[in-house]
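**Student:** Provided herewith is a single structure, encoded as structure tokens, for subsequent inquiry.
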Amino acid sequence: FHDDQHGTAVITLAGLTNALKVVGKKKEDVKVVTSGIICDNPVLLKVFKDNNVAIAADDVAHESRAFRTDASEEGDPMMALVEQFTNTDYDVLLYDPQSSKNRRGEFVANLVKESGAQGLVLFMQQFCDPEEMEFPYLKKALDAAGIPFIKLGVDQQMRDFGQAATAIQAFADVLSVQ
């Protein structure tokens, strides 16, 4: 760590510790929902563990979002997988004839509420046009529901998670005192 980063972390942690005492909470009580295309890098997931942030649910395309719809056990297995994929709902990567209703934004906001999470961590895949175009609608739904969120830019070749770690730590601190 650089000296200024370490000093900032120490001061932030001291302030957080005192704020938690005042509101009678523990930092371990922080729960979030994750959303985005992918967030499977072990280093990134370790950041959550290191900051005592539990993932209460996820809406990650390469995680639970891919399994919200069952594949048929009847007929051609490849066609069953095709139908499973095309029947997936609330997915920014698929055509939604009802997209003007912001159903996905409302779905994600409800997922946060129903899971008991305090906020959302959105992993925005770098240069992913569908995600970037969807963000204003998702933000609108989260703001309307009063759900705090943080948007982190990630890519599959990412090796340095320092900025993401600092952002997640700061977000966890904010959530822990709410």
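The values are calculated or read from the model by the stated rules, or taken from the named source; none is laboratory data. Only a predicted model underlies this, so the values are computations on that prediction, with no experimental measurement involved. Cβ: placed from backbone, ideal geometry, glycine included. Neighbour counts: every protein chain shown. Side chains included, ligands, DNA and RNA excluded: accessible areas come from the protein's heavy atoms. Shrake-Rupley method; radii C 1.70, N 1.55, O 1.52, S 1.80 Å.
**Student:** If I ask for residues that are modelled with pLDDT under 70 and either in a strand (DSSP E or B) or under 14 Å from ALA172 (Cβ atoms) (or both), which ones from segment 23-34 would you list?
**Tutor:** Kept after step one, since they are modelled with pLDDT under 70, are these residues of segment 23-34: 23-28.
Those that are modelled with pLDDT under 70 and either in a strand (DSSP E or B) or under 14 Å from ALA172 (Cβ atoms) (or both): LYS25, LYS26, LYS27, GLU28.
**Student:** Taking into account only those residues within segment 128-158 that are at pLDDT below 90 and β-branched (Val, Ile, Thr), which is nearest to PHE171 (Cα to Cα)? Working first, answer last.
**Tutor:** Here is the first cut: in segment 128-158, the residues at pLDDT below 90 are 128-138, 150-158.
Applying the additional criterion that residues be β-branched (Val, Ile, Thr) yields 150, 154.
Details: ILE150: 7, VAL154: 17 Å.
The residue in question is ILE150.
Every residue, every condition in (1) open to solvent by 70 Å² or more (accessible area, probe 1.4 Å); (2) out of contact with any Lys or Arg (no Cβ under 8 Å at 6 or more places or on another chain); (3) modelled with pLDDT of 65 or more; (4) of a type in the set (A, V, I, L, M), yes or no:
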site	(1), (2), (3), (4)
VAL10	yes, yes, no, yes
ASP58	no, no, yes, no
ARG68	yes, yes, yes, no
VAL92	no, no, no, yes
GLN98	yes, yes, yes, no
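**Student:** I'd like the full set of residues that are surrounded by 14 or more Cβ atoms within 10 Å (Cβ to Cβ), part of a loop (DSSP other than H, G, I, E, B) and modelled with pLDDT under 80, limited to segment 35-56.
**Tutor:** Of everything in segment 35-56, those that are surrounded by 14 or more Cβ atoms within 10 Å (Cβ to Cβ), part of a loop (DSSP other than H, G, I, E, B) and modelled with pLDDT under 80 turn out to be ILE37, ILE38, CYS39, ASN41.
**Student:** Right, here's the next one. Just the residues that are free of Cβ contacts under 8 Å to residues at least 40 places away in the same chain, out of contact with any Gly (no Cβ under 8 Å at 6 or more places or on another chain) and part of a loop (DSSP other than H, G, I, E, B), please, taken from segment 109-129.
**Tutor:** PHE127
**Student:** Right, another one. Within segment 145-160, does at least one residue satisfy the condition of being part of a helix (DSSP H, G or I) and farther than 19 Å from ASP58 by Cα? Before you say what the answer is, go through the steps one by one.
**Tutor:** Looking only at segment 145-160, we keep the residues that are part of a helix (DSSP H, G or I), and these are 145.
Going one step further and asking which of them are farther than 19 Å from ASP58 by Cα, we end up with none.
The answer is no, given that none of the residues of segment 145-160 is part of a helix (DSSP H, G or I) and farther than 19 Å from ASP58 by Cα.
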